[in-house]
Amino acid sequence: MVYEIQGIPISDLAEKYGTPLYIYDGQEISNIFLELKSNITKHLEVFFSLKSNPNISVYNLLKSLGAKAEVSSLTELKTVLMANTDPENIIFLGPGKSEEEITSCIDHSIYAIVCESFQELELINKIASIRKKRARVAIRVNPTFSIKGSRLAMGGKPRQFGIDEEIVFQNLALLKSYENVDIIGIQVYMGTRILDENVICQNTINILKLAVRFSEQTGLALQFVDIGGGLGVPYFSNEEDLNIQKLGEQLSPIINDFKDSFPNTKLAMEVGRYLVAKSGMFVSKVNYIKKSREENFIITDGGTNCHMAAVGIGSFVKRNFPMKNLTNLDEADIDTYNVTGPLCTPNDVVGKNVELSKVQRGDLIGILQSGAYGPSASPGLFLSHGFPAEVLIHSGKHYLVRRRDNSEDIIGKQILVNEKIFHLV
Ligand SMILES: *Cc1c(COP(=O)(O)O)cnc(C)c1O
């Protein structure tokens with residue numbers, strides 16, 4: 001017996017595509033997206049944050065289900081355009097937008113640029129004027145309020161993101177003074193990995209109040225309010241799933257009431273991790289097993305260079321992602337292992353004291369819940385291993401959606417200077 005996804009043995013995929021390997025279960029992505037949509041009022045539009053998984057085919061699946069796109073770099077923008085996204089369904093966000101990125105947003109007439117500073121606003125205005133177009137802009141506000149319950153809080157703190165609420169309200173005239181910019185509303189992002197429905201609802205209430213105050217004081221019609229998101233998934237044994245039904249029951253009336261008062265306002269939520277994390281499995285192969293001072297070490301062909309997030313996100317205590325021996329499924333036959341990768345650093349440990357069914361050389365190890373912040377958030381060039389392959393499974397079929405980096409991909413970008421220059425002195 002080996003572990004299967006949609007009836008496909010992982011060992012077949014490992015053989016065909018090699019390891020280390022990321023596998024995304026398209027059925028799981030669909031289920032999660034459709035469950036979210038069916039529980040939350042249709043008045044709240046879901047934008048997929050490509051940051052969490054920038055693979056074009058993963059995005060394309062979400063787009064086919066009705067997701068819109070939140071992008072944060074020129075390449076992410078090109079990704080969603082290449083997948084034929086209607087520019088009306090794209091927003092661009094991020095504290096460090098380049099002139100090239102802003103120009104591209106304006107040229108493609110995307111729905112909104114989420115602006116994070118007055119300097120940026122000035123630049124957007126200037127570029128819009130040069131391109132002889134108007135730019136639609138939502139102001140990212142760093143609010144005075146914050147609420148406990150996010151693993152990485154953004155609100156109420158000094159941050160490089162957005163414009164502080166106080167500064168926004170002190171500069172309303174300035175905000176409105178840019179001739180080539182239409183300010184269409186606000187965006188607030190309170191933090192990530194929220195696992196409490198009440199926190200999301202309370203954040204939303206606060207953000208909507210802030211949006212109304214913004215509209216009243218600027219006199220601008222509220223066309224767009226983006227409530228951020230931050231929906232979490234549990235990684236560790238002490239954490240529990242968000243209850244999406246409960247979230248829907250509590251959040252929908254808040255949104256619907258607002259929509260009654262502001263029927264022309266588009267309401268958006270940004271969701272990354274929640275949509276893709278559970279669908280992903282990172283698969284590596286055990287190259288060696290050894291004992292050191294009474295501890296078992298398994299050395300796999302892919303560690304933190306492929307899956308940095310497994311080291312422990314935002315926590316000081318090392319906790320493990322759920323892991324499985326995919327080759328030996330006998331749960332009565334257990335031992336404890338440190339799971340490491342091929343890097344020459346003691347930090348290349350993806351799991352400490354993990355209980356796994358007895359491991360042999362050649363076994364496949366799966367790290368679950370790995371569909372978000374995987375390869376793209378890992379130091380893939382460390383030891384020049386390059387990035388792993390990625391496979392999407394859909395309707396019982398598997399598709400390579402990113403080929404593995406080879407040596408040429410890595411060395412080919414380097415430039416060998418002529419040896420003579422070292423002998424010039
Ligand atoms: C990272 C980020 C997201 C996505 O966060 P998740 O926790 O993956 O859903 C959404 N909006 C902003 C502004 C972000 O920085």
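At least 2 residues being within 14 Å of the ligand (Cβ to nearest atom) and over 19 Å from PRO388 (Cβ atoms) is the threshold, and among the strands (runs of 3 or more DSSP E) wholly inside region 18-75 those reaching it are 44-49, 68-71.
The listed residues are THR41, THR79, and the only one of them that is in contact with a Phe, Trp or Tyr (Cβ under 7 Å, 6 or more places away or on another chain), among the polar types (S, T, N, Q), at pLDDT 95 or above and surrounded by fewer than 21 Cβ atoms within 10 Å (Cβ to Cβ) turns out to be THR79. Residues that are within 19 Å of ALA135 (Cα to Cα), of a type in the set (A, V, I, L, M, F, W, C) and in the same structural domain as VAL137 (by TED's automatic domain parsing): does region 254-264 have at least one? No: region 254-264 contains no residue that is within 19 Å of ALA135 (Cα to Cα), of a type in the set (A, V, I, L, M, F, W, C) and in the same structural domain as VAL137 (by TED's automatic domain parsing). Could you run through region 110-160 and say how many residues are surrounded by fewer than 17 Cβ atoms within 10 Å (Cβ to Cβ) and at pLDDT below 95? Total satisfying the criteria: 10.
Among what's in region 213-236 and is farther than 24 Å from ILE40 by Cβ and not aliphatic (A, V, I, L, M), pick the residue that is nearest to the ligand (Cβ to nearest atom). It would help to see each step written out before you state the result.
Of region 213-236, the ones farther than 24 Å from ILE40 by Cβ are 213, 216-221, 236.
Okay, now just the ones that are also not aliphatic (A, V, I, L, M), so 213, 216-219, 236.
Working: ARG213: 21, GLU216: 25, GLN217: 24, THR218: 22, GLY219: 27, PHE236: 16 Å.
My answer is PHE236.
Quick check on region 84-107. Is at least one of its residues touching a Pro at 6+ places or on another chain (Cβ under 7 Å) and assigned to a helix (DSSP H, G or I)? For region 84-107, residues touching a Pro at 6+ places or on another chain (Cβ under 7 Å) and assigned to a helix (DSSP H, G or I): absent.
Might you check whether a residue that is crowded, with 17+ Cβ neighbours inside 10 Å, more than 21 Å from SER395 (Cα to Cα) and under 19 Å from the mean Cα position of the chain (by Cα) occurs anywhere in region 52-61? Scanning region 52-61, I find at least one residue that is crowded, with 17+ Cβ neighbours inside 10 Å, more than 21 Å from SER395 (Cα to Cα) and under 19 Å from the mean Cα position of the chain (by Cα), so the answer is yes. For region 237-276: of the residues being at pLDDT below 95 and away from the ligand (no atom under 16 Å from the Cβ), which is farthest from VAL58 (Cα to Cα)? Step by step, filter region 237-276, then rank; the result is ASN238. Looking at TYR17 and the list (1) touching a strand residue (DSSP E or B) at 6+ places or on another chain (Cβ under 8 Å); (2) among the hydroxyl-bearing types (Ser, Thr, Tyr); (3) closer than 26 Å to GLY191 by Cβ, which single condition is not satisfied? For TYR17, the exception is condition (3). Here region 171-222 is the region considered, the condition is being within 15 Å of THR144 (Cα to Cα) and among the basic types (Lys, Arg), and the residue that is farthest from the chain's Cα centre (by Cα) is ARG213. For region 335-346, the criterion of being in contact (Cβ under 8 Å) with a residue 12 or more places away in the chain, more than 21 Å from MET308 (Cβ to Cβ) and surrounded by fewer than 17 Cβ atoms within 10 Å (Cβ to Cβ) is satisfied by at least one residue.
Listed conditions (1) surrounded by 22 or more Cβ atoms within 10 Å (Cβ to Cβ); (2) in contact with a Pro (Cβ under 9 Å, 6 or more places away or on another chain) are all met by PHE258, apart from (2). Filtering region 76-96 to residues that are within 13 Å of the ligand (Cβ to nearest atom), more than 22 Å from LEU400 (Cα to Cα) and in contact (Cβ under 8 Å) with a residue 12 or more places away in the chain leaves ILE91, PHE92, LEU93, GLY94, PRO95. Figure legend. Inter-residue proximity from region 25-46: first residues not assigned by TED's automatic domain parsing to the domain that holds LEU368, second residues assigned to a loop (DSSP other than H, G, I, E, B), beta-carbon distance below 7 Å, spacing 6+ or different chains. Indicated pairs: ASP25/GLN6; GLN27/GLN6; PHE33/ALA67; LYS37/GLY66; VAL46/ALA67.
The values are calculated or read from the model by the stated rules, or taken from the named source; none is laboratory data. Remember, it's a predicted structure, so these values are computed and weren't measured experimentally. Reconstructed Cβ throughout: ideal geometry from the backbone, glycine too, with neighbour counts over all protein chains shown.
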